Structures are given as structure tokens and as C-alpha cells.
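The values are calculated or read from the model by the stated rules, or taken from the named source; none is laboratory data. No experiment lies behind these values; they were computed from the predicted model shown. With ideal geometry, Cβ positions are generated from the backbone for all residues, glycine too; neighbour counts draw on all protein chains shown.
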Amino acid sequence: MPRTAPKPIRVLVADDHTTFAQALGIALRLEKGFVVEVASSAEEAVELAAGTGAEVVFMDLEMPSMGGVEAIRQIKARMPSVPVIALSAHDEDLYRARALEAGAVGYLSKTSSVAAVAAAARGARAGETMLDAEEARRLLRQLRRRRHQDATERQRVTRLTSRQAEILQLIADGLSSRTIADRLHVSHQTVRTHVQNILTRLSTHTKVQAVTLGIRQGKITPGKAGEPRSEPRPRSVDAKKT
């Protein structure tokens, strides 16, 4: 008797870069044994995963709006048995950890070969694990440490006064202490005192570290040197604050 051909694997590829998603879909079809659907947004992926009966989902993590991590979480809530494999151009542990925490069974770089993607899909449908238990624990520990660090930094940033935040923004804009003093109509020493207080409150040692922390926590934004951020105030008003 002739052997029955194996049942094709129903795969969903979700990526807002449609050229990449479509190219990967075509490549998987050429590998044979795959039926591929493509989603161009995280929201569409959540709907198509259930609507197409996907057996394996490849999810780009860096999509706008909902985002890939949240899409993984929602797909797993609706279809717990469907394996989701994260895709990203960033080969970093924190990306892997966030995807794993959301329910992904593994992680592949977007630079992976088509053969590697196909093998991952076959293994995922067969119930194979892509990460061993120790590696998964390591990634999740790292994610917990990062969240603790973020919480600590957010707390430090809230300690800044409005004047200190203003000066930190001007530093981020590339202005020198003397230029900031002229713009705010205060003395150079007053600005230096504010800067030292900023470093102390943020528990940083340099202005670069303070600016980096402020940007990371959304307190300030990278700006262009010379752009005024606020109206200057009279020296007499500021002098009372120092």
C-alpha cells in the first residue's frame, strides 16, 4: 500500500514587515509540508491564530500597537496548546525572557535559515522543547532583575524637582552648564549645585549616566542642542530656591 503523505503543518507568520513575512511564508511552502498564513499586525495575528486553526505561530516581537509579546500572551490564553515561537532581529536575553514569560516555547533570530525555521516548526508541533529548563530559569531570573532595576530607577527619577528635570533636559540637549545658567538667568554655581543634586538623587556619578537614566525612564527626551525647553525666569525667583 502507498504510504500516506504526512499532514501539512498549519503555520501562521506574524510580522508588520510584510515583505519579510511573505518571503518567509513562500520559503516555508517551498520546503513542503507547510500551509502558511501571514498576519501583518499583532491584532490580526491573534484573530488569525484561532480562525485558521494554526498549529504553530511565528511571532515578531517588535510590532506596533499591541506588540508581539502581548499577542503571544493572548494567543496562549485562547489556544494554550498552540506553540508560539518568537522572532526578532535582536538576539538579546531580555527579548527572549519576555517572550518566554508570555508563553513562547522558543526564540529564533530573523537571520535564521529557512531550514532552521522549518525544523523549529516541526519540532514545536511534535511537542519538542527549544529551551532546556535551566536556560529558561536563567532568562526569567534576568528578567526579574531587570524589572527590579527599572522599579528602582523610576523611584529615583520621581525624586527630581521640576527645576532639576528641566536642567537635566537641557543637559540632554547638549548645553553646557554656563549656557544653561545664561538661559535660566541664574549663576553658574547655581547650575552646578543643581547638577550635583541631580546626580545624588539619581545615584549616578556622571551627567551622561544621569541623562541615560532620565531618557530610559521617560523623564526627559533626547533633544537638539540649542532648543529652548521653557521660558527663562528672573534670577531673583530662582535664587530663593537655591
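Some values worked out for this structure:
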{"item": "Residue that is farthest from Gln155 (Cα to Cα), among those in segment 181-208 that are of a type in the set (Gly, Ala, Ser) and outside any helix (DSSP H, G or I)", "result": "Ser187"}
{"item": "Residue selected from segment 202-217 under the condition in contact (Cβ under 8 Å) with a residue 60 or more places away in the chain and not polar (S, T, N, Q), by the criterion surrounded by the fewest Cβ atoms within 10 Å (Cβ to Cβ)", "result": "Arg216"}
{"item": "Qualifying residue in segment 216-238 (condition: among the hydrophobic types (A, V, I, L, M, F, W, C) and either modelled with pLDDT under 90 or touching a Cys at 6+ places or on another chain (Cβ under 9 Å) (or both))", "result": "yes"}
{"item": "Leu12, sole failed condition from (1) closer than 26 Å to Leu94 by Cβ; (2) without any contact (Cβ under 8 Å) to a residue 40 or more places away in the chain; (3) outside any helix (DSSP H, G or I)", "result": "(2)"}
{"item": "Unique match (being closer than 18 Å to Ile9 by Cα, surrounded by fewer than 22 Cβ atoms within 10 Å (Cβ to Cβ) and of a type in the set (D, E, K, R)) among Glu31, Glu47, Glu70, Glu62", "result": "Glu31"}
{"item": "Test: residue in segment 80-101 that is under 15 Å from Ala124 (Cβ atoms), assigned to a helix (DSSP H, G or I) and more than 19 Å from the chain's Cα centre (by Cα)", "result": "no"}
{"item": "In segment 148-161, the residues that are under 17 Å from the mean Cα position of the chain (by Cα) and exposed (fewer than 12 other Cβ atoms within 10 Å of the Cβ)", "result": "His148, Gln149, Ala151"}
{"item": "Residues being farther than 20 Å from Gly123 by Cα, of a type outside the set (Asp, Glu) and crowded, with 16+ Cβ neighbours inside 10 Å - total across segment 1-28", "result": "2"}
